[in-house]
Amino acid sequence: MWNMTFTPPVVIEARALTRLPDRFRQPRDNGWASANKPGHRIDCFLEGPAFDRDGNLYVTDIPYGRIFRISPALEWELVAEYDGWPNGIAIHADGALWIADYRRGILRVDPRTGAIDTPLGHRNSEGFKGPNDLTFDAAGDLYFTDQGQTGLHDPSGRVYRLAPSGRLDRLLDNVPSPNGIALDRNEAFLYTAVTRGNSVWRGPLLADGTLSKVGAFRTFFGTSGPDGLAVDADNRLVVAHASLGGAFLVEPNGDVTHFIRSPMGGTVTNIAYRPGTSRLVMTESASGTVLEADLPAAGMALFSHATGR
């Protein structure tokens, strides 16, 4: 059952916006691909779309440790290439790119120079399982998922919050594959995509910063599960699904009203609204393509575009 009106979701057809140019595609043996895409020799795996204030779109290429900038004119530029596996991107109000890196923790990239530093490489001298995605709240607190290879066989994935002061709080430690993460418009609830549980969890954020009564907000099906998340100005949640060929628009009560369908491969992993518009971009990771679609409402304003900063 998709919604309480017992009607199928409205289908929105996405379109191909741009793809990773051939000059950047160099398929070769890779440790990340061997573990996560066994039997496939891939030339890229795009994730982490995020827009800066100038309208540039940044994406990561996980297996080859690359971060690309795509200009409004759809020109691709390599910003950084390093020994790591970058996944999600969240842009700080100061313009820095914060990266959830599966191998190296939470990194920070200067988009002008490509210089990289490590704000958080471990917790109490213990390495992370494998950070996946991240988001800032209005106060600059960073929420991120620590996924690793967790799943229903090992429900020990974690969700953290890193304060600007450096304080690190572990909010969840029992998640079977935490992936995308988002706050609702009022920052009253935290959404976590639980890929191997094929669901999205929702947890109220209490006044002391802890989570309470975390529950399964929306469940799905398929060989993979929910991945990237985004919230629109009407407080609806967009859920990218990594095996169903698109993304779902979900009302605050859990009703699915729209399905944004990929015109090519089914591996739709991550999403972002073009700031100030109702235009959504999605990464179709298997083909290295960025898709675009027009949705009913604009995306929620993010920390990276906060006024007065």
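The values are calculated or read from the model by the stated rules, or taken from the named source; none is laboratory data. It should be emphasised that the depicted structure is a prediction, and the values quoted were computed from it without experimental measurement. Using ideal geometry, Cβ is built from the backbone for each residue, glycine included, and neighbour counts are taken over all protein chains shown. To get the accessible areas, we keep the full protein, side chains included, count just its heavy atoms, and leave off ligands, DNA and RNA. Shrake-Rupley method; radii C 1.70, N 1.55, O 1.52, S 1.80 Å.
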Every residue in the stretch 160-212 that is free of Cβ contacts under 8 Å to residues at least 60 places away in the same chain, under 28 Å from SER224 (Cβ atoms) and among the acidic types (Asp, Glu), please. ASP173
Anything in the stretch 111-158 that is among the hydrophobic types (A, V, I, L, M, F, W, C) and either without any contact (Cβ under 8 Å) to a residue 40 or more places away in the chain or in a loop (DSSP other than H, G, I, E, B) (or both)? List them, or say none. ALA115, ILE116, PHE128, ALA138, ALA139, LEU152
Checking ARG41 against (1) assigned to a loop (DSSP other than H, G, I, E, B); (2) buried (at least 16 other Cβ atoms within 10 Å of the Cβ), only one condition comes out false. Which one? (2)
Would you say VAL11 is more than 15 Å from THR283 (Cα to Cα) and open to solvent by less than 60 Å² (accessible area, probe 1.4 Å)? no
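If you go through the stretch 185-200 one residue at a time, do you hit one that is under 19 Å from PHE45 (Cβ atoms), of a type in the set (D, E, K, R) and crowded, with 24+ Cβ neighbours inside 10 Å? Walk me through it before giving the result.
Of the residues in the stretch 185-200, the ones under 19 Å from PHE45 (Cβ atoms) are 193, 195-196.
After this cut, where a residue has to be of a type in the set (D, E, K, R) as well, the list is 196.
If we keep only those that are crowded, with 24+ Cβ neighbours inside 10 Å as well, we get none.
Within the stretch 185-200, not a single residue is under 19 Å from PHE45 (Cβ atoms), of a type in the set (D, E, K, R) and crowded, with 24+ Cβ neighbours inside 10 Å.
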Taking the stretch 72-110 on its own, how many of its residues are acidic (Asp, Glu), over 23 Å from TYR160 (Cβ atoms) and either open to solvent by less than 70 Å² (accessible area, probe 1.4 Å) or assigned to a loop (DSSP other than H, G, I, E, B) (or both)? 3
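On the basis of being within 24 Å of PHE24 (Cα to Cα) and in contact with a His (Cβ under 7 Å, 6 or more places away or on another chain), does TRP98 make the cut? Let's see the steps before the verdict.
Numbers: within 24 Å of PHE24 (Cα to Cα): yes; in contact with a His (Cβ under 7 Å, 6 or more places away or on another chain): yes.
Answer is yes for this residue.
Scan THR267, THR219 and give me the residue that is β-branched (Val, Ile, Thr) and open to solvent by 50 Å² or more (accessible area, probe 1.4 Å).
Working: THR267 fails: open to solvent by 50 Å² or more (accessible area, probe 1.4 Å).
It is THR219.
Look at ALA286 and say whether it is of a type in the set (A, V, I, L, M), under 18 Å from ASP43 (Cα atoms), in contact (Cβ under 8 Å) with a residue 40 or more places away in the chain and open to solvent by 10 Å² or more (accessible area, probe 1.4 Å).
On the way: of a type in the set (A, V, I, L, M): yes; under 18 Å from ASP43 (Cα atoms): yes; in contact (Cβ under 8 Å) with a residue 40 or more places away in the chain: yes; open to solvent by 10 Å² or more (accessible area, probe 1.4 Å): yes.
So ALA286 fits the description; yes.
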